[in-house]
Structure formats: C-alpha cells, structure tokens
Amino acid sequence: MNKQVNYNLLSAIYGVAIGDALGVPAEFKTRETLAQNPVTDMLDSFMPKGTYSDDTAMTLCNLASFVEHNWELYPYDIMERFLKWADRGYMAVDGDVFDIGVTTRKAITNFYNKVPLEECGGKSFYECGNGSLMRIMPVVFYLQKHPEADKYSVIKQISALTHAHDICTIGCYIYALLCLALFNNENVNKHVLFKDELLKIFNSINNKVDKEWLDLYARILDIDSFINLQVNDIKSDGYVVNTLEAALWCFLTTEDYRSCVLKAVNLGSDTDTTAAVAGGMAGLYYGKRSIPKEWIEALRNKDVIDELCEE
C-alpha cells in the first residue's frame, strides 16, 4: 500500500530540526556577541552545516516509537530508544552524540542501571531544564489521534522519563496544547487564538498542579503585554520556563518561519533548543512551504525524517 506524507507532521518536525540545526553553531554565544554578528543563515561550525543536536534526535526517538507502534504510547520503548541514542547514536546525525543535558544523561543512566522507569527522571527544582520540552512535538500528534486521552497525564508520563518535576510537565503541556490549537487554524490570528487558548489551558490544570509552579508561567497569560516585552525582558537559557517564554515570544512577534527561528537563535545562550521549540510551532503554523528551500536542502538526515512522517 502506498504511503502518504502527513504534511502537518512533516512541517512540524522539519520546523524543529531546522531550528535546531540553525542554533547549533551559535550555542552558548551571548546575546551581545550575536547582536554584533547575527546569524542570518545556516552555518558550518564544529559540525557540518545542517547538523541537528540532541533536541531533534530525541524528538525522532519519540516519533519513531509512536510510528512503529501505530501511534500507541509505550514509555518504556521510548526510554529504550533514548538509551540507544545516548549509547550508540541512534537517530543522531552520523551516529555522533555531542550534546546531552545533565538531567537527561542522569535519567538515561538510571534506566541503564535498572532503576524503575517512574524513578528515572529528575524530580528536583534544580532539574527543571528544557530537555523534555525540546522533544515533545510528536506527542502533539499522538494527542490529535487520541482525543479521548487525558492530555496532562500523557504529557507527564513522557516528560517524566527525563524531567519529572511538575514545572517541566506544565511547560510541555502548555506548548503541546497551543500546538494542538494551531491545527486547521492557519488563517486565524495567532494572538487571538492563543489568548483564548491559554486561559483554557491554565484553567484545565488549575486543580491538578501546585499553584506555585503554574504561576511561574503566568506572564504568558496576558498575550497583549507579553508580545510587547522588549528583548532584554526575555531570557533564553536552559530553564524550561524561560525556553517556553522565549519560543512563544519569537513565534508571536514574527510573521514567518525564517524570522521566527532567526530571532530565536539570535537571543543567544541555549540557541538550538529555543529555535527548535519556536521552530516546531512555526513549522506547524506556516507549513513546510514556508521554510527556506536552501535550509531544507542543507538539513542532514532528512531521509529519516521523511520516512517517519509517512502514513
């Protein structure tokens, strides 16, 4: 039987991967350095141009598990793929794993050492990095295919494989539900859409999580004020709250894929992840056709992505 490409899925995954690859050469550069010499195109660095990092590799681990199990959820299988990635370069470009976050490495090591799955992920406030947010995009498509699922529970299971604190789950949940709202809404004003959707999202988990953790994300609720923040009001480090804010700000204050991901990269610091998270949303909203052809041509491992996005 001939397979067809899931265009929305392909657009979103390309959006993640190309944002990631654009950010790799600039990772850890300061905002001030990038302001003087901004990234305007895909560049060579310590890795060949078009090489993505752990953000995309782990996203593809999630996606491959869903695809190979007919879009059913098997957290143990996903974690096995993370181990295969860390140990043997599964889903990495050229099998080269060059960027694993501390919390992610600890969780995968726990799994390797036979720690029960539900105990592997970091539970400390100091382990609230963006390592589960960066790979959450495939879950958006799982939830689309399983509308009856308890969305928060599903996202918590997948985030907790590496990042088990509620702060991380909340960030993934907000992002995933905003992405779900973008389906079939390309012609809807994204500011208006998100203004309504964010209120629903916060209300839906108000009684499920500690208010202290939910309030950390409160700044994005007031979209009108949020989009008028200045660049110095936005942080782009590895803390999950800051990554979600930065990605949303880049998406909401630009009008096309290219501008969105370049704005994310030029924020500096955790450039690949900020651009991957922003790029996934922009790819889903604007479509693959919005991504510059030369960036798609430069992206490495495209055949893997293309195959996983067939149905």
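The values are calculated or read from the model by the stated rules, or taken from the named source; none is laboratory data. Here the structure is a predicted model, which is why all the values come from computation and not from measurement. Methodologically, a virtual Cβ is constructed for each residue, glycine included, from the backbone with ideal geometry; neighbour enumeration extends over all protein chains shown. Note: areas computed on protein heavy atoms with side chains; ligands, DNA, RNA excluded. Shrake-Rupley method; radii C 1.70, N 1.55, O 1.52, S 1.80 Å.
Listing for the model above:
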item: Carbon plus sulfur fraction of accessible area for the chain, probe 1.4 Å, in percent; result: 48 percent
item: Listed residues L83, L43 arranged by accessible area, highest first, probe 1.4 Å; result: L43, L83
item: Table column - 3J(HN,Hα) (Hz), the range 187-200, Karplus curve with 6.51, -1.76, 1.60, x for Gly and Pro; result: 8, 8, 4, 5, 5, 5, 4, 6, 4, 5, 5, 4, 4, 5
item: Alpha carbon centroid spacing (whole Å) that separates the range 117-138 from the range 33-64; result: 21 Å
item: Sum of side-chain charges, C61 neighbourhood, beta-carbon under 13 Å (Lys, Arg +1; Asp, Glu -1); result: -2
item: Residues in the range 251-269 that a label on V5 would reach, taking backbone N under 18 Å of a point 7 Å out along Cα→Cβ; result: 257-258
item: Average accessible area per residue (Å²) across the chain - probe 1.4 Å, nucleic acids and ligands excluded; result: 42 Å²
item: Sequence of D94, D55, D41 when ordered by accessible area, the most exposed leading, probe 1.4 angstrom; result: D94, D41, D55
item: Förster-model FRET efficiency, 30 Å R0, D256 and A35, C-beta, rounded to 0.05; result: 0.90
item: Out-of-range pairs (alpha-carbon distance over 20 Å; input K84/K114; K29/K302; K235/K263; K29/K156; K84/K106); result: K29/K302; K29/K156
item: Loop-located chymotrypsin sites (Phe, Trp or Tyr not before Pro) in the range 71-162, at most 16 other Cβ atoms within 10 Å (DSSP); result: W71, F98
item: Separation of the D306 and I227 label points, Cα + 7 Å toward Cβ, nm; result: 3.6 nm
item: Under-5 Å amide H pairs with V5, H placed in peptide plane, nonlocal only; result: E311
item: Spin-label zone in the range 130-147 - amide nitrogen under 19 Å from a point set 7 Å from the Cα of K208 along the C-beta vector; result: 132-147
item: Whole-Hz ³J(HN,Hα) from phi, Karplus 6.51 cos²θ - 1.76 cosθ + 1.60, for the range 124-132, glycine and proline x; result: 7, 4, 7, 10, 9, x, 9, x, 9
item: Candidate residues K151, K29, K114: accessible-area rank, largest first, probe 1.4 Å; result: K114, K29, K151
